[in-house]
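One structure below.
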Amino acid sequence: MASRLETYERRYRALTAKLTDVGFISPGSLVVRETSCGKQGCRCQADPPRRHGPYHQWSRAVAGKTQSRRLTEPEADLYRQWIANRRHLEQIVSDMEKISAAVREILLRQAASPNSNINAK
Ligand SMILES: [Zn+2]
């Protein structure tokens, strides 16, 4: 029977193997916006207003301020993939953190009482 430590090590190696497949990444998120231009007589100023767009927009926070970039549909498709890649990466790292926390406890216990580990392997 595999020890808990060996099970964790196997799951951890599987996660690190996934890291090599992560494509390019981007922070931030995509939003779809409709805007008003402010020109008098424009349809976006009518009652009821018919706003411009919808536009794809990439937004991210930089030092507490939101940066935005307007995107075409093909650009938005690229960003969608990059953002998904980043979320996938973050999920892998989060799972690595959980396993590492459990393994740390095991290794710290072993370090505290090395003689209890004689038959472990
Ligand atoms: Zn307008």
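Only the coordinates and a few stated rules stand behind these numbers; no lab work does. Model, not experiment: these values are computed from the prediction. Methodologically, a virtual Cβ is constructed for each residue, glycine included, from the backbone with ideal geometry; neighbour enumeration extends over all protein chains shown.
Quick notes
- The condition of being free of Cβ contacts under 8 Å to residues at least 12 places away in the same chain, of a type outside the set (Phe, Trp, Tyr), assigned to a helix (DSSP H, G or I) and more than 16 Å from the ligand (Cβ to nearest atom) holds for only one of Arg86, Arg104, Arg11, Arg80, that being Arg104.
- Tally, over region 28-69, of residues that are in a loop (DSSP other than H, G, I, E, B), in contact (Cβ under 8 Å) with a residue 12 or more places away in the chain and of a type in the set (A, V, I, L, M, F, W, C): 1
- Looking only at residues of region 14-31 that are among the β-branched types (Val, Ile, Thr) and surrounded by 12 or more Cβ atoms within 10 Å (Cβ to Cβ), we find that the one that is farthest from the ligand (Cβ to nearest atom) is Val22.
- If you go through region 32-71 and keep only what is in contact with a Gly (Cβ under 9 Å, 6 or more places away or on another chain) and within 16 Å of the ligand (Cβ to nearest atom), you end up with Arg33, Glu34, Thr35, Cys44, Gln45.
- The single condition among (1) closer than 29 Å to Cys37 by Cα; (2) in contact with a Ser or Thr (Cβ under 6 Å, 6 or more places away or on another chain) that Arg69 does not satisfy is (2).
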